[in-house]
Ligand SMILES: Nc1ncnc2c1ncn2[C@@H]1O[C@H](COP(=O)(O)OP(=O)(O)OP(=O)(O)O)[C@@H](O)[C@H]1O
């Protein structure tokens with residue numbers, strides 16, 4: 001309990017005690033119910049089993065939400081002109097009589113808490129912010145929203161939710177909600193983003209609650225809360241559209257593993273877990289790409305023309321023979337396939353509009369039919385019944401000579417096999433890309449060829465394995481199931497050291513998977529049909545059971561059927577989506593959307609065919625060369641005009657002094673965007689420190705890092721370096737001040753590419769993170785040391801955009817360390 005003399009604290013503490021008592025009570029009841037349900041073993045009638053599972057899942061989910069609400073359960077209250085008061089919190093709670101005592105921040109009624117202003121008070125006289133620590137109220141700040149409202153606060157009326165705290169008549173309301181916001185913004189960074197429900201601003205709240213049926217772009221400068229807003233929007237949508245989104249899931253795509261680690265706690269802290277997080281390198285099941293191509297290669301791989309190149313490469317494998325093919329069947333029977341016959345089969349197959357591997361079945365059926373007729377003509381003058389015809393056809397397909405000839409005309413392909421060959425086979429690349437890519441561009445692709453996929457676990461990344469026929473399908477699926485492996489690997493002359501797929505390869509693999517279809521299509525179709533039949537039966541059964549239990553209308557049969565399939569299946573709506581490239585997510589969130597290449601957009605829209613998405617980004621921060629200057633240019637090719645742009649304009653992160661420097665850089669980029677306005681000043685001017693003549697850059701960086709660490713106390717520091725400097729800087733820090741880097745990171749210096757990516761996730765836990773600009777995207781630190789800015793400008797990406805990103809990561813202090821001259825765009829620092 002607070003011992004303060006402010007009477008408001010004592011009153012609010014009393015209400016908070018009531019809320020926590022109720023939270024404990026409801027948690028205990030839920031825990032008991034869960035325990036009881038779980039103790040009822042899964043025996044008895046099927047309906048008892050269903051009932052148990054439905055309730056167990058519901059109780060477990062509720063308990064998880066209740067537990068997540070422990071921290072900052074309640075953070076505000078609204079007083080209305082009719083004298084009622086409503087408390088706002090992380091979740092909604094009702095008392096034993098089912099009267100609401102706390103309203104979920106996402107409920108419609110809570111909108112006024114975030115939106116009310118003096119000009120538009122929305123029926124409120126006062127908005128009260130509560131500062132809490134654990135279960136204790138440590139501060140109160142009020143926004144008065146009506147003249148004279150300081151003395152007419154809530155009086156425990158009975159009309160609204162959360163009726164309670166007594167009138168605050170006569171109390172001086174010196175503090176305002178802005179105090180709480182500034183406190184939140186000035187607190188030392190922890191290395192993890194936190195939720196902002198207590199201090200959401202009106203412009204952010206509007207975006208969070210916007211309609212989800214189309215594509216919403218949240219555009220804004222650095223630090224305007226785009227990421228925070230996107231994550232809170234996910235929580236909002238999971239609350240308002242729970243049934244739909246629990247089934248389909250939400251996919252959040254962020255630029256790097258370190259970024260995902262940075263944001264990973266926000267949704268769980270809001271009680272939400274049904275979300276899949278992925279970096280672009282993880283969007284093709286089975287591939288975990290972390291390596292990046294050189295910038296020009298990555299840019300080319302992301303170019304929209306690659307879609308046509310890949311389609312052409314697939315078509316190149318649907319061949320016509322120049323001369324008639326002769327096949328010796330059964331050692332002495334000569335069969336012929338001429339160009340016209342093959343062309344007819346190819347046209348039929350292409351007209352089927354199935355992907356390559358599916359259309360292959362049509363092609364094979366046509367040609368095997370033709371060969372069967374030839375055999376029959378030879379042995380019996382054309383007189384065989386259907387069964388005999390089938391025997392002949394089976395015999396033909398079992399003949400390696402026949403199979404080899406047909407495979408050569410229309411081989412079964414895998415995405416990995418084909419992409420690998422496209423990079424490694426100049427003739428294939430020239431045929432596929434001849435009209436689309438210049439010789440120099442083709443050379444870039446050839447130079448970037450991996451020779452082995454990164455993961456053998458991907459069905460798409462491994463050669464097609466021989467499988468036993470499943471017997472239940474027609475001839476062709478059975479035959480397909482016993483296929484030969486994918487075409488041979490590149491010749492020794494073109495073979496390089498094994499290398500992982502790069503991040504830019506992922507959308508190409510996915511595009512190919514789309515063009516090729518499933519290599520096991522026949523057997524897969526049978527499996528899918530069986531699964532669909534099973535699902536329908538389970539649903540019918542669930543409907544009957546709900547009917548028997550008298551729960552029809554209260555529970556959705558589909559949901560029950562899902563639950564009934566068992567906790568393992570249920571838990572995996574999100575996991576399912578992560579593992580299955582054909583999963584259709586209900587909502588897509590893309591952070592740093594300005595960096596997404598056209599090929600990656602194609603993949604992302606395939607993951608969310610409903611085109612319900614929130615895309616957040618800042619065009620001025622786009623590092624990739626050739627990045628478009630408008631959202632329309634980026635999105636129109638994919639979603640037409642089905643998108644709208646909302647702008648955030650206030651910078652909550654970067655203090656004014658630093659933003660002034662960054663604004664000069666923004667102006668130099670030629671961007672039409674205005675620099676976002678900083679909400680606060682830190683009282684510290686940014687510094688430029690030049691390495692003394694004869695001194696080493698890394699030593700000066702280390703000295704400045706140690707000085708900064710002493711100055712900022714417990715907060716986090718980023719040392720943002722050009723790639724070539726980060727190794728020496730990290731090594732020097734590990735030598736002189738290993739405690740600042742943290743044990744894991746210090747021990748890994750120097751590290752290989754993959755280990756570095758993994759270590760990147762650990763960086764957030766250390767006091768000091770040594771990063772490239774690319775890895776610092778989306779992150780924030782108390783202090784930033786920016787090393788050698790001239791080298792950033794000379795890099796292969798859009799240097800000014802990189803500089804802009806690096807300058808805007810700090811919440812407090814910025815030091816630029818340089819040995820080369822400062823770029824003129826940083827003239828303000830030199831002054
Ligand atoms: N209403 C708010 N209350 C408290 N903190 C906020 C609020 N809005 C934003 N912030 C904080 O401001 C910081 C910047 O937010 P965020 O990272 O979402 O910005 P951004 O627009 O995504 O930035 P960038 O483009 O640089 O990645 C975060 O620490 C976030 O928690």
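A few notes on this one:
- Estimated inter-spin distance, residue 133 and residue 28, nm [label 7 Å along Cα→Cβ]: 2.8
- Distant alpha-carbon pairs in the range 314-455 (separation over 26 angstrom), percent: 38
- Label sites at residue 243 and residue 638, each approximated as a point 7 angstrom past Cα along Cα to Cβ, lie 3.0 nm apart.
- Fewest-first ranking of 706, 88, using other Cβ atoms within 10 Å as the exposure measure: 706, 88
- Per the Debye formula on identical point scatterers at the alpha carbon atoms of the range 239-386, with no solvent, log10 I(q)/I(0) at q = 0.09, 0.18 Å⁻¹ is -0.60, -1.13.
- Ranked 407, 205, criterion: other C-beta atoms within 10 Å, fewest first: 407, 205
- Sorting 133, 301, 288, 226 by the number of Cβ atoms found within 10 Å of their own Cβ, with the fewest placed first, yields 133, 288, 301, 226.
- On full extension, the segment bounded by residue 39 and residue 714 gains 238.3 nm, given 0.36 nm per residue less the C-alpha separation.
- Three semi-axes of the equivalent ellipsoid, the range 655-733, Cα gyration tensor, whole Å, largest first: 27, 18, 12
- Normalising by residue count, the range 340-379 has a Cα convex hull of 47 Å³ per residue.
- Straightening the chain between residue 687 and residue 446 buys 82.2 nm, computed as 0.36 nm per residue apart minus the Cα-Cα spacing.
- Efficiency of FRET between residue 611 and residue 790 - r from beta-carbon atoms, R0 35 angstrom, step 0.05: 0.25
- The alpha carbons of the range 383-446 occupy a box of 59, 21, 17 Å along the principal axes, longest dimension given first.
- Rg over Rh [alpha-carbon atoms, Kirkwood Rh] for the range 232-320: 1.13
- Gained length - residue 82 relative to residue 696, 0.36 nm times residue gap less alpha-carbon distance: 214.1 nm
- Cα-based Rg of the range 307-367 normalised by 2.2 N^0.38 Å, two decimals: 1.27
- Binned Cα-Cα distances of the range 71-117, short to long, each 5 Å bin given as a whole percent: 5, 21, 31, 26, 13, 3, 1
- Dmax and Rg, reported as Rg then Dmax, of the range 62-145 (C-alpha, Å): 13.2, 41
- Coarse-grained scattering of the range 590-652 at q = 0.12, 0.17, 0.21, 0.25 Å⁻¹, given as base-10 log I(q)/I(0) from a Debye sum over alpha-carbon atoms: -0.29, -0.59, -0.89, -1.25
The numbers here are math on the coordinates, done by the rules we state, and not lab data. What you are looking at is a predicted structure, and each value in this text was computed from that prediction instead of being measured. Virtual Cβ from ideal backbone geometry, glycine too; neighbours counted across all protein chains shown.
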